[in-house]
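Q: Pasting a structure here, questions to come.
The values are calculated or read from the model by the stated rules, or taken from the named source; none is laboratory data. What you are looking at is a predicted structure, and each value in this text was computed from that prediction instead of being measured. Here the Cβ positions follow ideal geometry from the backbone for every residue, glycine too, while neighbour counts run over all protein chains shown.
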Amino acid sequence: MTPSPPSRTRRLGALLAAAVVAGSALGASPAVAVDAAPDASRPAASAPARTAASTAADPNADGYDSFIVTYKETASVSGPKGRALAWGKAAKEAGVSVKELRETALGSHVIATDEKLSPSASAAFMADLKASSLVEAVEPNAIMTASGLTPADPSYGQQWGFTGVNGMRVPGAWDSTTGTGSIVAVIDTGITSHADLNANVVAGYDFISNTTSSRDGNGRDANPADEGDWYLAGECGDPNPSNSSWHGTHVAGTVAAAANTVGVVGVAPNAKIQPVRVLGKCGGSLADIADAIVWSAGGSVPGAPLNATPADVINMSLGGSGTCGTTYQNAINAAVGRGVPVVVAAGNENQPAANARPANCQNTITVAASDSSGRRSSFSNYGSAVDVTAPGSSIISTVNTGTTRPSGAGYASYNGTSMATPHVAGLTALMLTKQPGLTPAQVESTLKSTARAMPVTCSEGCGAGLADATAAVAAVGGTAPTDPTAPVEPAPAPSGNLLVNPGFESGATGWSGTGRSRYESVSPHSGIYHGVLNNLGYANTATLSQTVAVPAGTTTTLSYWVRVDSAETSSSTAYDKLSVQVRDGAYGTYTLKTHSNVEKGRGWVQHTVDVSRFAGRTVTLQFRGVEDSSAWTAFSLDDLALSAK
């Protein structure tokens, strides 16, 4: 549904080479980043500010100075003087003066006291209010704080691996942890400067000993900057030339791109990235990689300073053919012996991962790749060596825009088990932040025990299944919240749902539409279809509506999932709007909630509105989308429920 920016095809250098160097005597090829070809690069756009997890104390702990009062429907409370009679006695008893601030969308009124009342005094004040014959209900106007992370990074909506139906269910884990305190070593091509990464980068190291491969002219040093891994035709055993891949930067973004309203967000957006450079032109040597593993975990490497900030997790999105060998295994054992899990890519040859290293090494967490349909990615290795599977097809993340040497910061969508691996490394960082005492073996067993079955059967072997971030974090001491952006499996309308065809799975059945309203199958919240309004880019109005009878004497709520995609660039001005309305015959049309282009890029988000005021009447629920004469905005709806109790 969402138009994509123009594509710019790029090739990854030496990314499908056959083997990892085990020494020149073996005649094997250098280690390379484990990747298939990338998709198109995508530019970033502006977005509204994020809401981050709050660590502040309860803002309501010392009481309240504002309350929400619902009055009984009598003529005596139709005006402010009449309503003042309801709280006059209570104000006198509490020794405060009260003023009425405003009416809410649902007909209640907000009042404020001239001083904050303690919790006990607030309770007494509310009890006195409730005792009035004019008051139906009263509650504190409590201050709410964010319980997790709702990224507003512009390309977050494209990160299907986080929130898609067949994704890794990342947002539910953010209600417990966003990775603060964890360090993930990305052993790869190094890193380039990027606004989405720089704040989360700690000091790393360049372990490339070959100056031709490193391109920095000085061998090993403390600067892990990616100098580019491009090569010319005929070099690196390839008759074709290749541009630089910026592979390490892409991997780093999936692990821990910041939640900062720029570009994308990482699985562990508050974790730190430690770039450790081992891959340059034509790849990297096993000896360099082994040293990098030991150093990243805090071990001593001759000629290199001790790592001042040893990693908690190691990500290795690299590999080649051959048996594991003593060098690799000893380095991995050294890291694991220091309590550092080593997460590795299964490889991209569509063959058993047992034929690829380090995927076939012991004490690793080997990750296969899946696509957005829930299938094993066509390129992904498989079989008994795989521990878990994670999203690895069409993964958008951070890159550099240079074709050879570094230039500007950008974004691109890549395919590969290289892309699946940092999903799991980031999840491991979340788990270790929640439970720092976890051993590598416990991390692996938890990832396996909490994985869910592959959405599409993987007869070749995809390990324990698709990694589930929400379940894994909950298993190590986190919460298991109801995640507003987590996908749900297709299901019939819930018991008590008064709507017909609430998920648009039967097309127009039950719904009436005007203007540009339709039903699409592109990235629904669940099932196959969802409703879409507008998306034209010029002045127009569209509606989707359904007439329902709201039962008398009930509390009735309307819940729905909405996703906003837009070409509008403003982070604060609502140019295009979606109104959630009730048309109540001769009584008029009531707007219960409004969404706009400002909400773009947040993915599917659930909302609930109260329609109890219409109990006992037959009304029409209406979603009305209005675009202005400028850029397009598409309002998507799915999984609606009108529930009475």
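Q: Given the residues ALA453, ALA412, which is the only one that is of a type in the set (A, V, I, L, M, F, W, C) and touching a helix residue (DSSP H, G or I) at 6+ places or on another chain (Cβ under 9 Å)? Can you show your working first?
A: Working: ALA453 fails: touching a helix residue (DSSP H, G or I) at 6+ places or on another chain (Cβ under 9 Å).
Exactly one residue qualifies, and that residue is ALA412.
Q: Let me ask something additional. Mind counting the residues in the range 68-102 that are exposed (fewer than 15 other Cβ atoms within 10 Å of the Cβ) and part of a strand (DSSP E or B)? Write out each step before concluding.
A: Pass one, the range 68-102, residues exposed (fewer than 15 other Cβ atoms within 10 Å of the Cβ): 72-76, 78-82, 85, 88-89, 92-93, 95, 97, 99-102.
Remaining after also requiring part of a strand (DSSP E or B): 99-102.
Within the range 68-102, residues that are exposed (fewer than 15 other Cβ atoms within 10 Å of the Cβ) and part of a strand (DSSP E or B) number 4.
Q: So for the range 181-196 (the condition being on the phi < 0 side of the Ramachandran plot, in contact with a strand residue (DSSP E or B) (Cβ under 8 Å, 6 or more places away or on another chain) and of a type in the set (Asp, Glu)), does at least one residue qualify? Before you say what the answer is, go through the steps one by one.
A: Start the filter on the range 181-196 by keeping residues that are on the phi < 0 side of the Ramachandran plot, which leaves 182-189, 191-196.
Those left that are additionally in contact with a strand residue (DSSP E or B) (Cβ under 8 Å, 6 or more places away or on another chain): 182-189, 191-196.
Those left that are additionally of a type in the set (Asp, Glu): 188, 196.
Scanning the range 181-196 turns up at least one residue that is on the phi < 0 side of the Ramachandran plot, in contact with a strand residue (DSSP E or B) (Cβ under 8 Å, 6 or more places away or on another chain) and of a type in the set (Asp, Glu).
Q: Residues of the range 368-382 being surrounded by fewer than 24 Cβ atoms within 10 Å (Cβ to Cβ) and of a type in the set (Gly, Ala, Ser), which ones?
A: SER372, SER373, GLY374, SER378
Q: Right, another one. Scan the range 468-475 and give yes if some residue there is touching a residue at least 12 places away in the same chain (Cβ under 8 Å), among the hydrophobic types (A, V, I, L, M, F, W, C) and touching an Asp or Glu at 6+ places or on another chain (Cβ under 7 Å), otherwise no. Even if it seems obvious, please write down each step before you answer.
A: Initial filter on the range 468-475 (touching a residue at least 12 places away in the same chain (Cβ under 8 Å)): 468-475.
From what's left, among the hydrophobic types (A, V, I, L, M, F, W, C): 469, 471-475.
Of the ones still in play, those that are also touching an Asp or Glu at 6+ places or on another chain (Cβ under 7 Å) are none.
No: zero hits.
Q: Tell me whether the range 224-239 contains one or more residues that are surrounded by fewer than 18 Cβ atoms within 10 Å (Cβ to Cβ), outside the structural domain of SER418 (by TED's automatic domain parsing) and of a type in the set (D, E, K, R).
A: yes
Q: Quick one: which strands (runs of 3 or more DSSP E) sit completely within the range 495-597 and have at least 1 residues that are over 23 Å from the mean Cα position of the chain (by Cα), modelled with pLDDT of 90 or more and on the phi > 0 side of the Ramachandran plot? Let's see the steps before the verdict.
A: Numbers: elements: 512-514, 517-520, 530-534, 540-549, 556-566, 577-583, 589-596.
Per the criteria, 530-534.
Q: Would you check which residues across the range 201-212 are surrounded by 21 or more Cβ atoms within 10 Å (Cβ to Cβ) and touching a Pro at 6+ places or on another chain (Cβ under 8 Å) and list them?
A: Within the range 201-212, the subset surrounded by 21 or more Cβ atoms within 10 Å (Cβ to Cβ) is 204-208.
Passing the criteria: GLY204, TYR205, ASP206.
Q: A further question follows. Quick check on my filter: what residues within the range 283-304 are assigned to a loop (DSSP other than H, G, I, E, B) and surrounded by 22 or more Cβ atoms within 10 Å (Cβ to Cβ)?
A: Within the range 283-304, the subset assigned to a loop (DSSP other than H, G, I, E, B) is 285, 297-304.
Within the range 283-304, SER285, ALA297 qualify.
Q: Inspect all residues belonging to the range 222-234 and state whether any of them is without any contact (Cβ under 8 Å) to a residue 60 or more places away in the chain and either under 21 Å from ARG357 (Cα atoms) or outside any loop (DSSP other than H, G, I, E, B) (or both). Show your work before the answer.
A: Our first condition is that a residue be without any contact (Cβ under 8 Å) to a residue 60 or more places away in the chain; within the range 222-234, this holds for 223-224, 232-234.
Okay, now just the ones that are also either under 21 Å from ARG357 (Cα atoms) or outside any loop (DSSP other than H, G, I, E, B) (or both), so none.
Scanning the range 222-234, I find no residue that is without any contact (Cβ under 8 Å) to a residue 60 or more places away in the chain and either under 21 Å from ARG357 (Cα atoms) or outside any loop (DSSP other than H, G, I, E, B) (or both), so the answer is no.
Q: Another one. Residue by residue through the range 498-517, note down the ones that are within 19 Å of VAL564 (Cβ to Cβ) and either surrounded by fewer than 19 Cβ atoms within 10 Å (Cβ to Cβ) or among the aliphatic types (A, V, I, L, M) (or both). Show your work before the answer.
A: Kept after step one, since they are within 19 Å of VAL564 (Cβ to Cβ), are these residues of the range 498-517: 503-504, 513, 515-517.
Passing the criteria: GLY513, GLY515, ARG516.
Q: Would you pick out the residues in the range 105-119 that are within 39 Å of the chain's Cα centre (by Cα), farther than 22 Å from THR74 by Cα and surrounded by 15 or more Cβ atoms within 10 Å (Cβ to Cβ)?
A: Matches in the range 105-119: ALA112 only.
Q: Can I ask one more? What single numbered condition from (1) surrounded by fewer than 16 Cβ atoms within 10 Å (Cβ to Cβ); (2) within 30 Å of GLU73 (Cα to Cα) fails to hold for LEU592?
A: So LEU592 meets the others, but not (1).
Q: Filter the range 409-430 down to the residues that are of a type outside the set (Ser, Thr, Tyr) and closer than 17 Å to VAL344 by Cβ and list them by number.
A: Initially, the range 409-430 is screened for residues of a type outside the set (Ser, Thr, Tyr), giving 409-410, 412, 415-416, 419-420, 422-427, 429-430.
Residues satisfying the conditions are GLY416, MET419, ALA420, PRO422, HIS423, VAL424, ALA425, GLY426, LEU427, ALA429.
Q: Considering only the range 141-149, I want to know if a residue exists there that is within 13 Å of the chain's Cα centre (by Cα) and not assigned by TED's automatic domain parsing to the domain that holds ASN415.
A: Just the residues of the range 141-149 that are within 13 Å of the chain's Cα centre (by Cα), to begin with: 148-149.
Next, from what is left, pick out any that are not assigned by TED's automatic domain parsing to the domain that holds ASN415: 148-149.
Checked against the condition, which is being within 13 Å of the chain's Cα centre (by Cα) and not assigned by TED's automatic domain parsing to the domain that holds ASN415, the range 141-149 yields at least one hit.
For every residue, the table says whether it meets (1) buried (at least 24 other Cβ atoms within 10 Å of the Cβ); (2) in a strand (DSSP E or B); (3) in contact with a strand residue (DSSP E or B) (Cβ under 9 Å, 6 or more places away or on another chain).
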| site | (1), (2), (3) |
| --- | --- |
| ASN360 | yes, no, yes |
| THR366 | yes, yes, yes |
| SER384 | no, no, yes |
| ILE396 | yes, yes, yes |
| PRO406 | no, no, yes |
| SER418 | yes, no, yes |
| VAL424 | yes, no, yes |
| ALA429 | yes, no, yes |
| LEU447 | yes, no, yes |
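Q: Among the listed residues ASN348, ASN381, ASN355, which satisfies the condition of being more than 26 Å from PRO154 (Cα to Cα), over 28 Å from the mean Cα position of the chain (by Cα) and touching a residue at least 24 places away in the same chain (Cβ under 8 Å)?
A: Working: ASN348 fails: over 28 Å from the mean Cα position of the chain (by Cα); ASN381 fails: over 28 Å from the mean Cα position of the chain (by Cα).
Going through ASN348, ASN381, ASN355 in turn, just one is more than 26 Å from PRO154 (Cα to Cα), over 28 Å from the mean Cα position of the chain (by Cα) and touching a residue at least 24 places away in the same chain (Cβ under 8 Å): ASN355.
Q: Is one or more of the residues making up the range 202-221 part of a loop (DSSP other than H, G, I, E, B), within 30 Å of the chain's Cα centre (by Cα) and at pLDDT below 95? Let's see the steps before the verdict.
A: First pass over the range 202-221, keeping only residues part of a loop (DSSP other than H, G, I, E, B): 202-204, 207-210, 215-220.
Within this subset, residues satisfying the condition of being within 30 Å of the chain's Cα centre (by Cα) are 202-204.
Next, only the ones that are at pLDDT below 95 stay: none.
No - not one qualifying residue is present in the range 202-221.
Q: Something else now. Quick one: in the range 156-189, which of the residues that are touching a His at 6+ places or on another chain (Cβ under 9 Å) and within 16 Å of VAL276 (Cα to Cα) is surrounded by the most Cβ atoms within 10 Å (Cβ to Cβ)?
A: THR189
Q: Among the listed residues SER122, SER147, SER132, identify the single one that is at pLDDT 85 or above, part of a loop (DSSP other than H, G, I, E, B) and surrounded by 13 or more Cβ atoms within 10 Å (Cβ to Cβ). Give the steps one after another, and end with the answer.
A: Working: SER122 fails: part of a loop (DSSP other than H, G, I, E, B); SER147 fails: at pLDDT 85 or above.
Exactly one of SER122, SER147, SER132 is at pLDDT 85 or above, part of a loop (DSSP other than H, G, I, E, B) and surrounded by 13 or more Cβ atoms within 10 Å (Cβ to Cβ), namely SER132.
Q: Which pairs turn up if I take residues in the range 620-631 that are at negative phi and assigned by TED's automatic domain parsing to the domain that holds TYR575 and look for partners that are among the aromatic types (Phe, Trp, Tyr) and part of a strand (DSSP E or B) with beta carbon separation below 7 Å, at least 6 apart in sequence or on another chain?
A: GLY625/PHE635
Q: Follow-up. Return yes when GLY601 is out of contact with any strand residue (DSSP E or B) (no Cβ under 7 Å at 6 or more places or on another chain) and small (Gly, Ala, Ser) and no when it is not.
A: Working: out of contact with any strand residue (DSSP E or B) (no Cβ under 7 Å at 6 or more places or on another chain): yes; small (Gly, Ala, Ser): yes.
When the stated conditions are applied, GLY601 passes them.
Q: When the range 150-166 is examined, which residues are found to be closer than 15 Å to LEU430 by Cβ and part of a loop (DSSP other than H, G, I, E, B)? Spell out how you get there, then give the answer.
A: Step one: of the range 150-166, the residues closer than 15 Å to LEU430 by Cβ are 151, 161-162.
Of everything in the range 150-166, just one residue is closer than 15 Å to LEU430 by Cβ and part of a loop (DSSP other than H, G, I, E, B), namely PRO151.
Q: Looking at ASN218, ASN200, ASN210, which is the one that is assigned by TED's automatic domain parsing to the domain that holds THR428, out of contact with any Leu (no Cβ under 7 Å at 6 or more places or on another chain), of a type in the set (S, T, N, Q) and under 18 Å from SER317 (Cβ atoms)?
A: Selected residue: ASN200, the only one of ASN218, ASN200, ASN210 that is assigned by TED's automatic domain parsing to the domain that holds THR428, out of contact with any Leu (no Cβ under 7 Å at 6 or more places or on another chain), of a type in the set (S, T, N, Q) and under 18 Å from SER317 (Cβ atoms).
Q: Also: Of all residues being in a loop (DSSP other than H, G, I, E, B) and over 21 Å from TYR529 (Cα atoms) in the range 600-631, which is nearest to the chain's Cα centre (by Cα)? Just the residue, please.
A: Filtering the range 600-631 down to residues in a loop (DSSP other than H, G, I, E, B) leaves 600-604, 611, 615-617, 628-631.
With over 21 Å from TYR529 (Cα atoms) added as a condition, the list becomes 611, 615-617, 628-631.
Numbers: VAL611: 31, ALA615: 38, GLY616: 41, ARG617: 41, ASP628: 30, SER629: 32, SER630: 29, ALA631: 26 Å.
Looking at residues that are in a loop (DSSP other than H, G, I, E, B) and over 21 Å from TYR529 (Cα atoms), I get ALA631.
Q: Let me confirm something: among LYS600, LYS645, LYS577, which residue is within 24 Å of GLY527 (Cβ to Cβ) and either without any contact (Cβ under 8 Å) to a residue 40 or more places away in the chain or of a type in the set (Lys, Arg) (or both)?
A: LYS600
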